[in-house]
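K.L.:
Sending over a structure as structure tokens; questions will come in a sec.
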DNA sequence: GTTGGGAGAATTTTT
DNA sequence: TTCTCCCAAC
């Protein structure tokens with residue numbers, strides 16, 4: 001029997017042991033939100049709820065895994081049987097089982113952003129007369145995603161698009177319709193389709209809806225402030241049966257509205273769920289009072305919020321520091337000397353993090369750290385699984401698993417010199433729109449139609465395919481990758497990339513992961529949904545090396561470190577000029593600043609250079625960020641120039 | 001049809 | 001600086 005009142009504070013305990021019915025937990029930063037959720041799960045299980053009847057929706061897969069592990073430690077048993085993961089992940093799970101009701105095949109593939117943009121590009125080329133004058137694939141992709149996530153018709157979004165001249169609207173709609181058609185033909189879904197179709201399944205198929213409403217006696221949602229319209233609907237439907245829905249979030253930390261997240265979801269939650277109990281968690285266990293003062297003060301100016309004030313529990317320590325520096329290089333030097341100083345104070349590198357608004361803000365710092373032998377890890381912009389060399393290898397596996405995967409086929413064949421998209425299309429026709437790698441007849445057809453140069457490269461691949469299919473090893477993945485690398489890909493890497501060794505290592509790591517996955521098919525289906533955040537922190541947890549971490553603020557969501565640096569706190573970069581645009585709405589940027597500040601436990605260092613060097617060698621002066629100016633000077637220690645060391 | 005060179009543009013945040 | 005796109009040569 002767990003003594004909740006002993007282990008949790010009064011607020012947390014109230015939330016964790018709340019009686020059935022809708023519940024909104026407003027959990028400010030660092031108030032033990034995860035802890036509360038974990039104990040809620042334990043409490044439900046103690047009360048006899050079967051884990052299979054609990055659904056836990058989280059923002060990253062990593063968060064889900066962490067909660068499961070912690071719950072297992074407390075409640076034991078078969079916690080692993082509970083349903084958990086991101087909305088995309090859970091929808092994927094629904095769809096794998098029931099998508100035939102929407103006319104899909106259960107082996108549909110998930111396109112990652114790169115695949116999806118490539119497909120959009122080919123649609124543009126197909127329907128647009130003057131490609132030069134037409135918006136690029138990323139812009140078009142933005143419309144498509146916006147339409148999906150806000151449940152708008154594509155015509156509306158196109159009409160509202162500022163970047164699009166009126167006379168191109170017709171073509172724009174055509175492009176989007178073709179994209180939708182192509183996805184259907186190829187049996188693929190993009191990220192948004194997972195949510196859209198997941199919701200359709202629940203609204204259009206009464207039996208599926210009833211099944212899951214029956215199953216999920218309790219629905220728990222973490223980071224509810226960052227749900228979008230579709231996600232909120234999904235929650236509402238799933239929880240409609242038992243009405244046991246627990247939404248946990250903090251409107252101060254809504255930082256994904258550009259992706260369709262609408263913090264009105266959390267503001268209106270009590271209206272949508274009458275009789276909803278509300279618990280506020282305001283006792284902060286993470287940060288020293290000096291950091292909380294800065295956090296509270298910085299967020300105060302934003303209107304339309306549930307008023308919450310972080311109450312410190314920790315003893316007083318140092319005030320946050322602000323450094324005004326000359327430029328990015330001096331800033332990097334400043335971070336470096338502060339790192340040394342904190343090491344002298346007994347902090348490890350892994351206790352520290354450097355946060356910034358956008359990935360490219362970290363370039364100088366990476367160089368400086370590298371030159372000075374400070375090991376660092378970084379969650380970069382592209383996911384590990386989105387890098388070209390990984391996708392090349394995965395294409396082979398995808399084709400093994402699904403012989404109709406034209407995207408994978410093209411990717412694979414275009415690796416051969418002398419083969420481009422046209423040739424691959426021609427071959428695909430010749431092969432009858434499918435390519436079974438294990439079929440000697442089809443492979444012979446392929447080889448007959450390859451040019452001599454390409455054929456020379458393909459021959460060793462053919463030989464190794466014969467071998468692994470003879471030995472029945474193809475479906476295992478590991479043998480396939482290793483054979484492919486030996487026969488062709490390692491050499492290709494060496495000829496194509498300077499850092500071929502590093503890429504080779506990535507592939508080896510991938511091989512290990514695939515070998516440890518229960519089923520190749522499942523791994524391939526999930527791989528598009530694994531984020532670099534999931535991957536990065538898994539990897540760090542496994543590694544014993546001591547490294548400082550570099551991250552965007554978005555990716556630092558939900559995490560904490562003893563020492564936090566925030567760099568480039570200057571107007572135009574943070575707040576980002578692009579994010580604010582013309583409408584001068586800086587509320588979300590301010591929330592982002594709040595998130596950055598509240599990651600810190602003991603020490604917070606803000607850095608604000610006076611100028612920025614541009615790529616062409618020019619310089620651009622920078623104003624101090626409004627976020628620094630908004631904080632009363634007496635709350636911080638300020639210094640002009642480099643820190644002493 | 002493919003490839004590689006050269007010119008040009010441009011730097012948010014991510015499932 | 002780095003990536004992307006376009007065009008000209010194979």
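K.L.:
Per DSSP H run of n ≥ 4, the term is -39500 (n - 2.57); total these for chain A, divide by its residue number, and report the mean residue ellipticity at 222 nm rounded to 500 deg cm²/dmol. Numbers along the way, then the final one.
P.N.:
Working: 29 runs with 315 residues, N = 645.
Helix contribution divided over all residues of chain A: -14500 deg cm²/dmol.
K.L.:
OK, next. For A:207, A:193, A:262, which order do you get if you count the other beta carbons within 10 Å of each Cβ and list the fewest first?
P.N.:
Working: A:207 9, A:193 23, A:262 20.
Placing the least packed residue first, the sequence is A:207, A:262, A:193.
K.L.:
Oh, and also: Against the longest principal axis of chain A, how steep is helix A:587-597, in degrees 0 to 90 to the nearest 10, with axes from Cα atoms?
P.N.:
Once rounded, one gets 80 degrees.
K.L.:
With each pseudo-label sitting 7 Å past Cα toward Cβ, what's the residue A:102-residue A:207 distance in nm, one decimal?
P.N.:
According to this spin-label approximation, the distance is 1.8 nm.
K.L.:
OK, next. How many angstrom lie between the Cα centre of the stretch A:221-258 and the Cα centre of the stretch A:394-463?
P.N.:
Spelled out, the Cα-based centre of one part sits 45 Å from the other.
K.L.:
Nearest 10 degrees, 0 to 90: what angle lies between the long axis of helix A:61-75 and the longest principal axis of chain A (Cα atoms)?
P.N.:
60
K.L.:
Evaluate the distance, in nm, between pseudo-label points positioned 7 Å from the Cα of residue A:125 and of residue A:300 along their respective Cα→Cβ axes.
P.N.:
Inter-label distance under the simple model: 5.7 nm.
K.L.:
Given chain A, what percent of its DSSP beta bridges are antiparallel, to the nearest 5?
P.N.:
Around 10 percent of the beta bridges assigned by DSSP in chain A are antiparallel ones.
K.L.:
Then there is this: How tilted is helix A:191-204 with respect to the longest principal axis of chain A? Cα atoms for both, answer in degrees (0 to 90, nearest 10).
P.N.:
Once rounded, the angle reads 90 degrees.
K.L.:
Between residue A:151 and residue A:177, with labels modelled 7 Å along Cα→Cβ, what's the label distance in nm to one decimal, could you check?
P.N.:
Result: 2.4 nm between the two label points.
K.L.:
Of the peptides A:607-616, A:633-642, how do they stack up when ordered by the mean number of other Cβ atoms within 10 Å, highest first?
P.N.:
Averaged packing, sorted descending, gives the order A:607-616, A:633-642.
K.L.:
Just order A:422-434, A:85-97 by mean Cβ neighbour count inside 10 Å, highest at the front, would you?
P.N.:
A:85-97, A:422-434
K.L.:
Another question, if that's okay. For the peptides A:171-177, A:194-200, what is the packing order when you average, over each peptide's residues, the other Cβ atoms within 10 Å and list the highest mean first?
P.N.:
A:194-200, A:171-177
Values quoted throughout were computed directly from the atomic coordinates according to the rules given, and no laboratory measurement underlies them. Since we're looking at a predicted model, the values are computed, not measured. Reconstructed Cβ throughout: ideal geometry from the backbone, glycine too, with neighbour counts over all protein chains shown.
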